[in-house]
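Below is one structure; the comments refer to it alone.
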Amino acid sequence: MTALETRPLGRTGADVSVVGLGTWQLGGDWGDVSSEGAAEVLDAALDAGVTLLDTADVYGDGRSEERIRQALAARSDRPFVATKAGRRADPFEAATYTPENLRAWVDRSRRNLGVDTLDLVQLHCPPPAVYSDQRVYDTLDGFVADGSIAAYGVSVETVAEGLTALQHEGVQTIQVILNVFRRKPLEELLPAARAAQVGILARVPLASGLLTGKYDESTTFAADDHRNFNRNGEAFDVGETFSGVPYDVGLAAAREVAAIAPEGTTTAAFALRWVIDQPGVTAVIPGARNVEQVLGNVAAASLAPLTEGQLADLERVYDERVRAHVHARW
């Protein structure tokens, strides 16, 4: 294994690599990934020093969690595995977040991952009312007490949801969309989380692949890829797809980001380094569909921090190209 920079994950007591691996694509909604391909991605990430895997019980209806269990069975090294719960029932109904449902979801993830205690369970972008529902937090506290989970956190769509969650002292982590095209968390959420010693996991850091610099107007996506079927939020929050930025706008902005990246540095690694450099970020969790993408993502950890000039240039691209198209709630 290669050693990557690590940072404390909130108050969990765990240190995790600054580049993790998001595994949504190993379950579904990104086109087909075979079992063999998923195993290769997971092995490559772990061999490269990644010590944080992020998954969810609905990624492929548990397929992602199961593939993680299978990949870890033959290994002596054990990464920190964060999963998410809450979207197996109607994700838009706060009433579904009952103690009984939460128990069923947690126990199913324990079986899928083959563990007695889950390292981290995150509420999976629930309705806004859930973030202030003390009964939900009391239930999660009970799971910590009985050893079902070691810690819990939340995954949010908006800064307001994250700030609400921070009012509950049991929350150890917040997962939020953060990238060159999605900057609002920098203003309040990251400073507040840092002050509370709550870890920040930055998801969708490449804006669903826009910030790889590999897409153009002729790129097509499979029918079962959310970049096809969720362009306008038809299936879930549109912010999860291309960060909510119109595809043509994102393409133009991504080309400018590519021009700012130093020679010899990929656009993806450069964009990931920007996230890593933000004060308060614990780890960035890009996905990968193949070994090449894994290694490209991990390379971001060895890049030098961005210069003041590069940061200013990226902010200019955001202001001139993207800001007008970003919904106010993001």
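The values are calculated or read from the model by the stated rules, or taken from the named source; none is laboratory data. Remember, it's a predicted structure, so these values are computed and weren't measured experimentally. Heavy atoms of the whole protein, side chains included, go into the accessibility calculation; ligands, DNA and RNA do not. Shrake-Rupley method; radii C 1.70, N 1.55, O 1.52, S 1.80 Å.
Rolling a 1.4 Å probe over the protein heavy atoms of the chain, with every protein chain left in place, gives an accessible area that is 49 percent carbon and sulfur.
By DSSP, what percent of the beta bridges with both residues in the range 45-183 are antiparallel, rounded to the nearest 5? Could you put the intermediate results ahead of the total?
On the way: 1 of 16 bridges.
Antiparallel bridges make up about 5 percent of those DSSP assigns within the range 45-183.
When shorter helices are ignored and each DSSP H run of at least 4 residues is given -39500 (n - 2.57), the per-residue value for the chain at 222 nm works out to -10000 deg cm²/dmol. Taking Cα atoms only, the orientation of helix 134-146 departs from the longest principal axis of the chain by about 70 degrees.
Computed over the chain, relative contact order equals 21 percent, with contacts defined as Cα pairs under 8 Å that lie 6+ residues apart. Taking Ala165, Ala151, Ala94 in turn, the Gaussian network model of the chain (Cα-Cα springs below 10 Å) assigns the largest fluctuation to Ala94. Restricting the calculation to Cα atoms, the range 226-275 shows an Rg/Rh of 1.08 when the hydrodynamic-style radius is the Kirkwood one.
Taking every eigenvalue of the Cα gyration tensor of the range 1-114, multiplying by 5 and rooting it, what semi-axes result, largest first, whole Å? Please report the intermediate quantities before stating the final value.
Working: eigenvalues 126, 63, 30 Å².
Largest first, the range 1-114 gives 25, 18, 12 Å.
Relative intensity of the range 40-194 on a log10 scale, I(q)/I(0) at q = 0.08 Å⁻¹, equals -0.23, per a Debye sum over C-alpha point scatterers of equal strength in the absence of solvent.
In degrees between 0 and 90, to the nearest 10, how far off the longest principal axis of the chain does helix 267-276 point, with axes built from Cα atoms? For helix 267-276, the angle is close to 50 degrees. Comparing Gly27, Gly170, Gly233 in a Gaussian network model of the chain (Cα springs below 10 Å), the most mobile by mean-square fluctuation is Gly233.
Using the alpha carbons of the chain, what is the convex hull volume per residue in cubic angstrom, as a whole number?
Numbers: hull volume 39.9 nm³, N = 330.
In the chain, the Cα convex hull volume per residue is 121 Å³.
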